[in-house]
Amino acid sequence: MDFFSGKKALSEGDSYAGVDEDGKEGKIDQEILELIAERAARKKAALKEREKSIQRAQNRRCLTTINVSGQRFVVDKDIFSRFPDTLLGSNFKESFFDSQRKEYFFDRDPEVFKYIIIFYKTGKLHFPEEECACCFDTECRYFGIQTDIMSDCCHEPFGEQTEDFKEYLRRNRPLEIPKVSDNQACLQILRRKMWKIFEDPGGNIFGLLLHYISAVFIVVSVISSVVETIPCGIQKCGKKYAKEFFLTEAVCVTLFTSEYVSRLFAAPKRWEFVKKFLSIIDLIAILPFYVGLISPKASEGPFTVLRVFRIFRIVKMSRHSTKVQQAGSSLRESFSELSFVFVVLAVMIIIFSSVIYYAESAYPDTNFTSIPATFWYTIVTMTTLGYGDLVPESIVGRLTGALCSLSGILVVALPAPVLEKNMKKARKGEEDDRLPLTFRENQETEGGNSEVAEEQCEVMKSDNSK
């Protein structure tokens, strides 16, 4: 009897404990809900108070609402009075006022407008690097703000993007061709088609065929120029098989001449085409053959250098390789930095050569007979070649040579980051030494030009985002 009563009491105690635990959990949940409700009520009250304060401020005409493409900005209207020459600071903004909504409406970029508001508040114009510099400049000019007053912290990135955009326009702006009469329309169409075949060979099978034929003849011509210098018994192969080499040279030059004349005929602006680097190379590559035909003796004696020009045909391969064009573009863009490196190298060569010469002058059998004669050793040491034909014997000379080698490594490595940066620019599709593929007739108004610039701005913005 006691056993059952004890068991019953134990079960009743467990049930009471469960009830207590459930009561505690329920109490905690109720407290959490009350806390959440309290916070929501306070937040709602704060929002109401804020709306009331804004309404009171608007009634006092201290604040104004600006709607920029659906995004509203509530600002103190007094900040605009400091810049009366701008759109928002002048009375002209009243033409954008919506009397029904009691706000100003501008169909512009709201992301850029944030920085325009910051300008009115602080007097400093900042540039967001994730934005396109062209679009940012357009928005600022719309509101009458000149980007020349850019803050110092943002001046460099904005300037770099602006220069990139100007370079992009320069490379991709279609050339303007004067209007022609109906009689010349067929000739104009022919020139356009020929130019597209030469400059965009991948566009059709015929252009691709010409592209590969030209590349094959360039290779054949260069190999011929090299092989004719190989000894074939007593005399050179060029003299032993002169007729065969002349025939090969004549066929190659005929093709190169036809290509140059065709490009010159089809070029949108012929003088611009003639001044291009690759066009000059094309002319130099065919010049020795015709000089030899006119005056056979010109290829001998002091005019032998004309034969060297034939090897420049290998540079024509860059017309068929975008990688080579990118490398050339990178070197051209880095000209100022490379010139600085050459100046530093020249100064260090003179200094190290002078030290080594005077250190080795104590040895009678030294090969460092003069400072100019020491230039060779200093140059090959600074460029980390070190042929070993000249070796200093004194301790001072050897220490100077070691310092010269270490200095050369540091100086040669200086332009590497700049070359890498410009190489990345070239990889974006910018093509050097090639004229634009498109023709465009003259436009009588500036509106057409501005529309083209805006379209190119959008294209560049999409390229940068990619």
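The values are calculated or read from the model by the stated rules, or taken from the named source; none is laboratory data. Model, not experiment: these values are computed from the prediction. Virtual Cβ from ideal backbone geometry, glycine too; neighbours counted across all protein chains shown. Quick note on the areas: whole protein, heavy atoms, side chains included, nothing else; ligands and nucleic acids left out. Shrake-Rupley method; radii C 1.70, N 1.55, O 1.52, S 1.80 Å.
Tabulated values for the structure
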| read-out | value |
| --- | --- |
| Simple label model, 7 Å out from Cα along Cβ direction - LYS48 to VAL219, nm | 8.4 nm |
| Of all accessible heavy-atom area on region 25-162, the percent that carbon and sulfur account for (1.4 Å) | 50 percent |
| Gained length - LYS124 relative to GLU160, 0.36 nm times residue gap less alpha-carbon distance | 11.0 nm |
| Accessible area in the full protein assembly, largest first, 1.4 Å probe, for ASP76, ASP164 | ASP76, ASP164 |
| When each of LYS166/LYS421; LYS193/LYS276; LYS43/LYS114 is checked by Cα-Cα distance, pairs over 23 Å | LYS43/LYS114 |
| Rough spin-label spacing in nm, given labels placed 7 Å along Cα→Cβ, for VAL347 and LEU414 | 0.8 nm |
| Rounded accessible area of ILE409 (nearest 10 Å², 1.4 Å probe) | 90 Å² |
| Heavy-atom accessible area order for ARG398, ARG192, ARG310, largest first, 1.4 Å probe | ARG398, ARG192, ARG310 |
